[in-house]
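Everything on this sheet refers to the single structure shown next.
The values are calculated or read from the model by the stated rules, or taken from the named source; none is laboratory data. Only a predicted model underlies this, so the values are computations on that prediction, with no experimental measurement involved. Counting neighbours? That spans all protein chains shown, and the Cβs are built from the backbone with ideal geometry, glycine included.
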């Protein structure tokens, strides 16, 4: 992880610039910083990231403020992303990502703001955390992992963070991390699912598989709702066939579940 200073919006003509289209809403890298559009949810996300920094959690970008164009400025994390449709990550990377998620969930238990906050996925009204909720990342798919030298080192793209249940975050992670959204064979899926269950240390495989169906069904509903309310970043997902793509993948996954269960140790 790099600590980066705000070099100003005019650096686009003189510094190393790279467009990062994978981020929800789009982002650009300027030098050793990432610039992203802000929204009504940004103050809450920044408060969360500042809390994680104060707790010493590695693997998260640091908030460096706003630039003159009103974009948030985050530290740039060196490494590569995961092209999920072309790559199945190594077992070690999967276990490291799950272990990091467990550490994040444990630390974020103490982040319980006293006043309602506006989050991207909760609509137009600020909300308080319910007793059984934490602030989840809500988008910890493998496409938001950063890998260095064959190891998981960071989770990026925090704009979708908001209230939820820890098991839903884990379910979202394994959707592309195992992966479950496509067929890699029942035996291999069951083997990697067992690695996840052991690394997180909370729920069994049957509970987790049920949670995946529920969470990814909710994901398609949230995408549809975001499109309906005019969230430009979420609307970009229509270009890759969402939300119908996820609906179709969930239906196909449900058909594979019996074979996965039969293949479990």
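At-a-glance table
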{"read-out": "Test: residue in the range 177-186 that is assigned by TED's automatic domain parsing to the domain that holds residue 104, under 18 Å from the mean Cα position of the chain (by Cα), part of a helix (DSSP H, G or I) and within 30 Å of residue 38 (Cβ to Cβ)", "value": "yes"}
{"read-out": "Top-ranked residue in the range 96-105 [being in contact with a helix residue (DSSP H, G or I) (Cβ under 9 Å, 6 or more places away or on another chain) and within 30 Å of residue 40 (Cα to Cα); ranked as surrounded by the fewest Cβ atoms within 10 Å (Cβ to Cβ)]", "value": "102"}
{"read-out": "Residue match in the range 150-166 (condition: at pLDDT 95 or above, under 17 Å from the mean Cα position of the chain (by Cα) and part of a helix (DSSP H, G or I))", "value": "yes"}
{"read-out": "Count of the range 228-247 residues which are in contact (Cβ under 8 Å) with a residue 12 or more places away in the chain, more than 12 Å from residue 175 (Cβ to Cβ) and surrounded by 14 or more Cβ atoms within 10 Å (Cβ to Cβ)", "value": "8"}
{"read-out": "Residue satisfying condition, being at pLDDT below 95, surrounded by 16 or more Cβ atoms within 10 Å (Cβ to Cβ), assigned to a helix (DSSP H, G or I) and in the same structural domain as residue 169 (by TED's automatic domain parsing), within set 223, 257", "value": "223"}
{"read-out": "Verdict on residue 43 being under 19 Å from the mean Cα position of the chain (by Cα) and at pLDDT below 95", "value": "no"}
{"read-out": "Filter pass, residue 114 being out of contact with any helix residue (DSSP H, G or I) (no Cβ under 9 Å at 6 or more places or on another chain) and part of a loop (DSSP other than H, G, I, E, B)", "value": "yes"}
{"read-out": "So residue 262, is it surrounded by fewer than 20 Cβ atoms within 10 Å (Cβ to Cβ) and closer than 17 Å to residue 85 by Cβ", "value": "no"}
{"read-out": "Residues satisfying the stated conditions in the range 187-205, i.e. loosely packed, with under 14 Cβ neighbours inside 10 Å and in a helix (DSSP H, G or I)", "value": "187, 198"}
{"read-out": "Output for the range 43-58, where each listed residue is in a helix (DSSP H, G or I) and either in contact with a helix residue (DSSP H, G or I) (Cβ under 8 Å, 6 or more places away or on another chain) or touching a residue at least 40 places away in the same chain (Cβ under 8 Å) (or both)", "value": "43, 44, 45, 47, 48, 49, 51, 52, 55"}
{"read-out": "Residue in the range 59-74 that is in a helix (DSSP H, G or I), touching a helix residue (DSSP H, G or I) at 6+ places or on another chain (Cβ under 6 Å), touching a residue at least 40 places away in the same chain (Cβ under 8 Å) and under 25 Å from residue 116 (Cβ atoms) present", "value": "no"}
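Yes or no, residue by residue, for (1) more than 21 Å from residue 38 (Cα to Cα); (2) in contact with a strand residue (DSSP E or B) (Cβ under 9 Å, 6 or more places away or on another chain); (3) crowded, with 20+ Cβ neighbours inside 10 Å:
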| site | (1), (2), (3) |
| --- | --- |
| 62 | no, yes, no |
| 72 | no, yes, yes |
| 86 | yes, no, no |
| 94 | yes, yes, yes |
| 123 | no, no, no |
| 140 | no, yes, yes |
